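The values are calculated or read from the model by the stated rules, or taken from the named source; none is laboratory data. Please read these numbers as outputs of a predicted model, since none were measured by experiment. Glycine also receives a Cβ, built like all others from the backbone with ideal geometry; neighbour counts cover every protein chain displayed.
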Ligand code: NDP
């Protein structure tokens, strides 16, 4: 079997087209959705991500701001900036670009983003709402994965899903989303005893570890739907996922490529979440 590719690049373009229409509808009512990205320090990869988020905003007609703080900013400095953005009526979505410098406590700083502007869905209130089954803002990567699976016609109801990785950004919220779609979900992590035994059970397998080539063909069953969230750079500078694409795609029924799979969906869902925040602010005002 050679797997069908779940093309995140073209689906992201579709999502962005929907976003443009939603932005036009909001503008007709006097509201331009706005996203603020707080960037601390000068991590080159973070700069690339932040710039691509601003470009994506501009493409759909949204306002965006990069709030750049120096690498030696204190927690207090970052929190003050976030509080200002929480109060700014031109801004509907506020995100903090991760990773923050190690000396800053990211998990505490993220709690300072107002829950109605928390378009990354990292605030504990939004994480809790999702795990309670009442999602409000859901982290963008898991949301993008779900959209890819739905668009690819992958049935989730009653199926066995295995998520490898348990971060609050990807693995855990994704497991919650799959549960809400009635999948039977197993979460694996670095202490899982026999990873291959777990992954071979999967009818839907998501890899989100940051370990290139962790998932090999002998770890999957024939016909599995595979989503590769990993983004890893090889010493030669090539981008690869957590899944050995060439061999696993021979056994899978569908698979996401890296690059061109989950990555473009993440940015598209950030834009969509920010527009949702602007729509909610408008309906709250009426
Ligand atoms: P984290 O480092 O926060 O989490 C990695 C997870 O993988 C942890 O839960 C860890 O387990 C688990 N893990 C590590 N080693 C193993 C192993 N040998 N077997 C099983 N599980 C293991 O990473 P993120 O969740 O933030 O990101 C994961 C990957 O996804 C990265 O490559 C990142 O670049 C990529 N990413 C891609 C995005 C996109 O848009 N496509 C967006 C966000 C992330 P433990 O908890 O026990 O340490």
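Which is away from the ligand (no atom under 14 Å from the Cβ), touching a residue at least 12 places away in the same chain (Cβ under 8 Å) and on the phi > 0 side of the Ramachandran plot, of 165, 213, 223, 237?
Values: 165 fails: away from the ligand (no atom under 14 Å from the Cβ); 213 fails: away from the ligand (no atom under 14 Å from the Cβ); 237 fails: touching a residue at least 12 places away in the same chain (Cβ under 8 Å).
Unique residue meeting the criteria: 223.
Just wondering, is there one or more residues in region 60-69 that are out of contact with any strand residue (DSSP E or B) (no Cβ under 7 Å at 6 or more places or on another chain) and over 20 Å from residue 266 (Cα atoms)? So that I can check it myself, show each step before the final result.
Let us first name the residues in region 60-69 that are out of contact with any strand residue (DSSP E or B) (no Cβ under 7 Å at 6 or more places or on another chain), namely 60-61.
Among the residues that remain, those that are also over 20 Å from residue 266 (Cα atoms) are: none.
No, region 60-69 has no match at all.
Taking the criterion of being away from the ligand (no atom under 13 Å from the Cβ), assigned to a strand (DSSP E or B) and within 14 Å of the chain's Cα centre (by Cα), would at least one residue in region 114-124 satisfy it? Reasoning before the result, please.
Of the residues in region 114-124, the ones away from the ligand (no atom under 13 Å from the Cβ) are 114-119, 123-124.
Pick out the ones that are also assigned to a strand (DSSP E or B) and you get none.
Looking for residues that are away from the ligand (no atom under 13 Å from the Cβ), assigned to a strand (DSSP E or B) and within 14 Å of the chain's Cα centre (by Cα), one finds none in region 114-124, hence no.
In this structure, does residue 133 turn out to be in contact with a helix residue (DSSP H, G or I) (Cβ under 7 Å, 6 or more places away or on another chain), in contact (Cβ under 8 Å) with a residue 24 or more places away in the chain, away from the ligand (no atom under 13 Å from the Cβ) and on the phi > 0 side of the Ramachandran plot? Lay out the reasoning, then the answer.
Values: in contact with a helix residue (DSSP H, G or I) (Cβ under 7 Å, 6 or more places away or on another chain): yes; in contact (Cβ under 8 Å) with a residue 24 or more places away in the chain: yes; away from the ligand (no atom under 13 Å from the Cβ): yes; on the phi > 0 side of the Ramachandran plot: yes.
Yes, satisfied.
Would you confirm whether or not region 25-38 contains a residue that is over 16 Å from the mean Cα position of the chain (by Cα), farther than 21 Å from residue 278 by Cβ and surrounded by fewer than 17 Cβ atoms within 10 Å (Cβ to Cβ)?
no
Could you check how many residues of region 214-231 are under 21 Å from residue 190 (Cα atoms), under 23 Å from the mean Cα position of the chain (by Cα) and either modelled with pLDDT under 95 or part of a loop (DSSP other than H, G, I, E, B) (or both)?
Counting residues in region 214-231 that are under 21 Å from residue 190 (Cα atoms), under 23 Å from the mean Cα position of the chain (by Cα) and either modelled with pLDDT under 95 or part of a loop (DSSP other than H, G, I, E, B) (or both) gives 4.
Looking at region 69-96, which of its residues are within 25 Å of residue 31 (Cα to Cα) and buried (at least 16 other Cβ atoms within 10 Å of the Cβ)? Show your work before the answer.
Going residue by residue through region 69-96, those that are within 25 Å of residue 31 (Cα to Cα) are 81-96.
Result: 81, 82, 85, 86, 91, 92, 93, 94, 95, 96.
Among what's in region 253-264 and is touching a helix residue (DSSP H, G or I) at 6+ places or on another chain (Cβ under 9 Å) and either closer than 12 Å to residue 205 by Cα or without any contact (Cβ under 8 Å) to a residue 12 or more places away in the chain (or both), pick the residue that is surrounded by the most Cβ atoms within 10 Å (Cβ to Cβ). Spell out how you get there, then give the answer.
Applying the first criterion (touching a helix residue (DSSP H, G or I) at 6+ places or on another chain (Cβ under 9 Å)) to region 253-264 yields 254-264.
Now drop any that are not either closer than 12 Å to residue 205 by Cα or without any contact (Cβ under 8 Å) to a residue 12 or more places away in the chain (or both), which leaves 254-256.
On the way: 254: 20, 255: 27, 256: 31.
Among residues in region 253-264 that are touching a helix residue (DSSP H, G or I) at 6+ places or on another chain (Cβ under 9 Å) and either closer than 12 Å to residue 205 by Cα or without any contact (Cβ under 8 Å) to a residue 12 or more places away in the chain (or both), the one surrounded by the most Cβ atoms within 10 Å (Cβ to Cβ) is 256.
Looking only at residues that are more than 22 Å from the chain's Cα centre (by Cα) and in a loop (DSSP other than H, G, I, E, B) in region 235-269, which one is nearest to residue 155 (Cα to Cα)? Explain how you work it out, then say what you get.
Restricting attention to region 235-269, the residues satisfying the condition of being more than 22 Å from the chain's Cα centre (by Cα) are 235-237, 246-253.
Cutting the leftovers down to in a loop (DSSP other than H, G, I, E, B) gives us 235-237, 252-253.
Working: 235: 37, 236: 37, 237: 35, 252: 14, 253: 12 Å.
Checking each candidate, the answer is 253.
Only one of 130, 143, 108, 98 is under 20 Å from residue 50 (Cβ atoms) and not in a loop (DSSP other than H, G, I, E, B). Can you tell me which?
Values: 130 fails: under 20 Å from residue 50 (Cβ atoms); 108 fails: under 20 Å from residue 50 (Cβ atoms); 98 fails: not in a loop (DSSP other than H, G, I, E, B).
After applying the criteria, what remains is 143.
Where the second residue is in a helix (DSSP H, G or I) and the first is modelled with pLDDT under 95 and lies in region 265-286, which pairs have Cβ atoms under 9 Å and are six or more apart or on separate chains?
Qualifying pairs under 9 Å: 282/26.
Just checking, how many residues over region 174-198 are under 19 Å from the mean Cα position of the chain (by Cα), within 9 Å of the ligand (Cβ to nearest atom) and surrounded by fewer than 18 Cβ atoms within 10 Å (Cβ to Cβ)?
Total satisfying the criteria: 1.
For region 240-255, enumerate the residues that are within 22 Å of residue 197 (Cα to Cα) and within 12 Å of the ligand (Cβ to nearest atom). I'd like the intermediate steps shown before the answer.
Of region 240-255, the ones within 22 Å of residue 197 (Cα to Cα) are 241-255.
Matches in region 240-255: 241, 242, 243.
Might you let me know whether region 199-207 holds any residue that is away from the ligand (no atom under 11 Å from the Cβ), surrounded by 15 or more Cβ atoms within 10 Å (Cβ to Cβ) and free of Cβ contacts under 8 Å to residues at least 24 places away in the same chain?
Looking for residues that are away from the ligand (no atom under 11 Å from the Cβ), surrounded by 15 or more Cβ atoms within 10 Å (Cβ to Cβ) and free of Cβ contacts under 8 Å to residues at least 24 places away in the same chain, one finds at least one in region 199-207, hence yes.
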